[in-house]
Amino acid sequence: MTNLSINDISKISNCEVINLNSEDIKFSGIAPLDRADKNQISFLINDKYLNDVYHTNAGAIICSKKAAELFKEKVANCLIICDNPHVTLAKISQIFFKPTHPFNGISDHAIIDKSAEIHPSATIFPFVFIGPGARIGAHSVIYSNCFIGAASTIGEDCILYPNVVLREGCRIGNRCILNPGVVVGGDGFGFAADINENVKIPQIGGVFIEDDVEIGANSTIDRGAMSDTKIGRQTKIDNLVMVAHNVVIGELCFIAGQVGIAGSTTVGNKVVMAGQVGVSGHVKIGDKAMLTAQSGISKNIPSEQIWGGSPARPFKEYTAHLATLNKIVKQTNKKSS
Amino acid sequence: MTNLSINDISKISNCEVINLNSEDIKFSGIAPLDRADKNQISFLINDKYLNDVYHTNAGAIICSKKAAELFKEKVANCLIICDNPHVTLAKISQIFFKPTHPFNGISDHAIIDKSAEIHPSATIFPFVFIGPGARIGAHSVIYSNCFIGAASTIGEDCILYPNVVLREGCRIGNRCILNPGVVVGGDGFGFAADINENVKIPQIGGVFIEDDVEIGANSTIDRGAMSDTKIGRQTKIDNLVMVAHNVVIGELCFIAGQVGIAGSTTVGNKVVMAGQVGVSGHVKIGDKAMLTAQSGISKNIPSEQIWGGSPARPFKEYTAHLATLNKIVKQTNKKSS
Amino acid sequence: MTNLSINDISKISNCEVINLNSEDIKFSGIAPLDRADKNQISFLINDKYLNDVYHTNAGAIICSKKAAELFKEKVANCLIICDNPHVTLAKISQIFFKPTHPFNGISDHAIIDKSAEIHPSATIFPFVFIGPGARIGAHSVIYSNCFIGAASTIGEDCILYPNVVLREGCRIGNRCILNPGVVVGGDGFGFAADINENVKIPQIGGVFIEDDVEIGANSTIDRGAMSDTKIGRQTKIDNLVMVAHNVVIGELCFIAGQVGIAGSTTVGNKVVMAGQVGVSGHVKIGDKAMLTAQSGISKNIPSEQIWGGSPARPFKEYTAHLATLNKIVKQTNKKSS
């Protein structure tokens, strides 16, 4: 169990710490305001919970400067004041809760091709198959029943949870997390329709996933038809998402659960897609665009705009359109009643 | 092969049995009215098939009292009369068709941590990995390529089909069925967005699944961020469903294929969600609410109401709204033509 | 590496070849017009790229007769002229890019029941479990961590990528491809609702998949309740698709990513469903029907029609309806401003 002094925390988080009323507290964890005890650190991220600050037993509270102004003289708790309490919470949590793994080392029950290069500090669970020419970087952990195809590479400090499939010729950067059941490099959906058969077009591109990408359980990232499917650094993808062949996704995006992105579409940086969004093939989604839940996108979306609906339109226009329709329906019903 | 006399069936199903014209039939199975022979039991659940009753060769027919009144004196078949023929059919079917498994015992080709407790009556297939402190209850069956994380527990009489992943610190009740590829306890989608990175928030809650829950193939139930994600007893979840972190689902719900439920949402008891429904995070769905296919829910839904559409509204209002819009469109088109 | 002469290609593709200016080129691969070199074959499928024909370095270009008329006397490249350049491209690509597998033979680390029949030319990777009475045909390849249930059969020349689950009593034809994580034969979603329990209806049908079917990563095809779920020859299914129990899909269909088809629905031949379409249970989709992305289908669809929207209507009517609504909304907003 990790124990941290307030000094440790101050250094790690690069925050201002005030109300150092009990310097020798050893913090042992994190908890919400209403559940924390004096050895725990709590946090105020959502203003909804402001009143809880006055009643919490937490030994310390992570909060913004603005929030601290409201209560810093009214509470006795230690305050960890920062620009972005959400980020500070995440970073401190990472120290308390490092992932642990129920196996270490390279299992005798894994089948690893002789030409594969496994860093000695990597962990390979039982029942993993690693093909020829594959490479696994330092400190990466490959859970049981994963498959790593020929010549595929995984960087340092990655975690591939159980049953992840990474087919041949794909590249994963450093510090990536692939949740259970993720498939990277499955064949793209490419066929030429003839009269009495659908002829498969070999999918000979790969998948290139940059550093610090996380992919949710059972999501699928198809290999490219001729060139690579790509996912940029720091992009986070949720569960059951489908990314089709030749899609290129930029950096720092959030793609929520059950989103589908069809072939050859390009997604910019810092794009946010909410749950169950569908994006057609061959379109461009601009930087910092936001697509609301269940929206259906079949054309290019300009940067920094919010779109919603199916077919999608700019979000303000979409909500105004719905409101006007409601008004018209009400008037019509009134007349006919 | 199981053979049952009509007396056996009467006892098991707690039904009234009439027209005992051939007491010594040994029933060997179940079939639809148009395909059953005299050693088979058939059923009338959907009134659409009423006429088939007069032509069936089935030795016995499961039906409601109301239906029996219509034809009991016109047919010679044995009638198994009950309040809920669908339930009776299910219970009798379960006797004829008990699941069998192509492996029994605890495989030498499974890797089981020494500190795990496996009940001697449990079955562990080859290529299963079971972490430290995990517990598997009596008569439970863990198919090949499953992963059971540290300190996770599985009750009695469960079936985990192949490639199920149950990560660490999760609890499964008794008589649960997890279809192939289900992921329980994958990391929730929690990140704090900083300027140039998305900092992962460790997901330190677990998943708690009560008794008699079934989960469909390749569905994913994420672990909670701080507290547990929960699924209540007798709730049945279909394929490719996503349940996000901290979601709490009540008892006796039906969640159909490809539904997505976002983080921290609470679902009551006996809720029905049809296919491809999307529910936003942090909302409450009341008891016995019904959500129609593809509906999009972003606010609280009162108990016992049917909602549909995206954005959703009460179902009657939704269909009336669509009808009025259709009328307005027709009128407009008439004027302009 | 495969090398083909223009004569080889002419024979294989059954095309007319003109501009044989360098008969002894050995072609080594395929590339788009703007990237091909003189040892590569390129293609003109999309007229958008017509201008690239005049600047390409490709040694040969696959194109239609109509296109060839436009430029055959203006370019020096060899032209491979055919009725369907897309199909020709696919067929030639298949020769250059034959799938290779990182393991051959029948692994000692697979568990194969003694009563299973594995053709000696088949490949069984490590960590595969094959149940009693299962049969695997000639040249089929079963990747690691696949599960083949009792009495299930797989034809010739199939590929089951890693982590595919084929439960008991299911049949797969010849030349089928099951991408990673596909589940065939999971239990259908069948329960009888009683007051305080949902009684499982045993799912005793199987799944029958005909020849030349491909199924995308993590898709699920449920077993039938009493009869088989069926997928017709040459039908291609994308990733994360759900096909429920008793669904019958015809030949030569394309089912795109994240489509869901509910129980007992019948789909004709040459049907196309775009991404995220939802189809209710117990409906019929006629031959050559097309369903546009995200459409929601709850009634029968006639043959050869295009439908869209949710609830769906004929596509022209759907787009006209949306256009009229937009007009009405604009007029209303104008009046009220």
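A few remarks follow.
- Set side by side, the residues B:Ile18, B:Ile45, B:Ile30 differ, and just one is in contact (Cβ under 8 Å) with a residue 60 or more places away in the chain and under 30 Å from C:Gly186 (Cα atoms), which is B:Ile30.
- Filter result (more than 9 Å from every other protein chain (Cβ to nearest Cβ) and open to solvent by 10 Å² or more (accessible area, probe 1.4 Å)) within the range C:235-249: C:His245, C:Asn246, C:Val248
- Test: residue in the range A:176-184 that is under 22 Å from the mean Cα position of the chain (by Cα) and at the interface with chain C (Cβ under 7 Å from one of its Cβ atoms): yes
- For the range A:254-281, a residue qualifies if it is closer than 14 Å to C:Ala256 by Cβ and not in a loop (DSSP other than H, G, I, E, B), and the qualifying residues are A:Gly260, A:Ile261, A:Gly278, A:Val279.
- Of all residues in the range A:257-267, exactly one satisfies the criterion of being at the interface with another protein chain (Cβ under 7 Å from one of its Cβ atoms) and touching a residue at least 24 places away in the same chain (Cβ under 8 Å), namely A:Gly257.
- For C:Asn51, the criteria (1) free of Cβ contacts under 8 Å to residues at least 60 places away in the same chain; (2) in contact with a helix residue (DSSP H, G or I) (Cβ under 6 Å, 6 or more places away or on another chain) hold in every case but one, which is (2).
- Considering A:Lys330, A:Lys316, A:Lys288, A:Lys236, the condition of being farther than 21 Å from C:Asn179 by Cβ and at pLDDT below 95 is satisfied by A:Lys330 alone.
- Unmet requirement for B:His282, which otherwise passes all of (1) under 30 Å from C:Lys200 (Cα atoms); (2) out of contact with any helix residue (DSSP H, G or I) (no Cβ under 7 Å at 6 or more places or on another chain); (3) surrounded by fewer than 19 Cβ atoms within 10 Å (Cβ to Cβ): (1)
- Here C:Glu317 meets the list (1) touching a residue at least 24 places away in the same chain (Cβ under 8 Å); (2) more than 20 Å from the chain's Cα centre (by Cα); (3) over 20 Å from B:Val259 (Cβ atoms) almost entirely, failing just condition (1).
- Residue in the range B:74-81 that is under 30 Å from B:His139 (Cβ atoms) and not aromatic (Phe, Trp, Tyr) present: yes
- Residues of the range A:287-298 that are within 12 Å of another protein chain (Cβ to nearest Cβ) and in a loop (DSSP other than H, G, I, E, B): A:Lys288, A:Thr292, A:Ala293, A:Gln294, A:Ser295, A:Ser298.
- B:Ser298 being assigned by TED's automatic domain parsing to the domain that holds B:Phe189 and either among the polar types (S, T, N, Q) or modelled with pLDDT under 95 (or both): yes
- Residues within the range C:128-140 that are buried (at least 21 other Cβ atoms within 10 Å of the Cβ) and under 27 Å from the mean Cα position of the chain (by Cα), tallied: 6
- Among the conditions (1) on the phi > 0 side of the Ramachandran plot; (2) out of contact with any Lys or Arg (no Cβ under 8 Å at 6 or more places or on another chain); (3) open to solvent by 30 Å² or more (accessible area, probe 1.4 Å), C:Glu304 misses just one, which is (2).
- Complete set of residues in the range B:10-35 that are modelled with pLDDT of 85 or more and either outside the structural domain of B:Glu69 (by TED's automatic domain parsing) or among the polar types (S, T, N, Q) (or both): B:Ser28
- Among residues that are modelled with pLDDT of 95 or more, closer than 18 Å to C:Gly173 by Cα, touching a Leu at 6+ places or on another chain (Cβ under 6 Å) and β-branched (Val, Ile, Thr), C:Ile124 is not included.
- If you go through the range B:61-116 and pick out every residue that is open to solvent by 70 Å² or more (accessible area, probe 1.4 Å), farther than 20 Å from C:Gly190 by Cβ and within 11 Å of chain C (Cβ to nearest Cβ), you end up with 2.
- Tally of residues being touching an Asp or Glu at 6+ places or on another chain (Cβ under 9 Å) and more than 14 Å from chain A (Cβ to nearest Cβ) across the range C:268-286: 2
- Flag if B:Ala150 is of a type outside the set (Ser, Thr, Tyr) and under 26 Å from the mean Cα position of the chain (by Cα): no
- When restricted to residues that are over 19 Å from C:Tyr161 (Cα atoms), open to solvent by 10 Å² or more (accessible area, probe 1.4 Å) and in contact (Cβ under 8 Å) with a residue 12 or more places away in the chain, the range A:174-210 contains 5.
- Looking across the range B:211-232, just one residue is open to solvent by 30 Å² or more (accessible area, probe 1.4 Å) and either closer than 21 Å to A:Asn163 by Cα or within 14 Å of chain C (Cβ to nearest Cβ) (or both), and that is B:Asp211.
- Inter-residue pairs, beta-carbon under 7 Å, first more than 10 Å from chain C (Cβ to nearest Cβ) and in the range A:140-162, second outside any strand (DSSP E or B) and at pLDDT below 95, 6+ apart: A:Ile159/A:Pro99
The values are calculated or read from the model by the stated rules, or taken from the named source; none is laboratory data. Predicted model only: the values in this text are computed from it and were never measured. A quick note on method: Cβ atoms are made from the backbone with ideal geometry, for glycine too, and the neighbour counts reach across all protein chains shown. The protein model used for the area step is the full one, side chains on, heavy atoms only, and it has no ligands, DNA or RNA in it. Shrake-Rupley method; radii C 1.70, N 1.55, O 1.52, S 1.80 Å.
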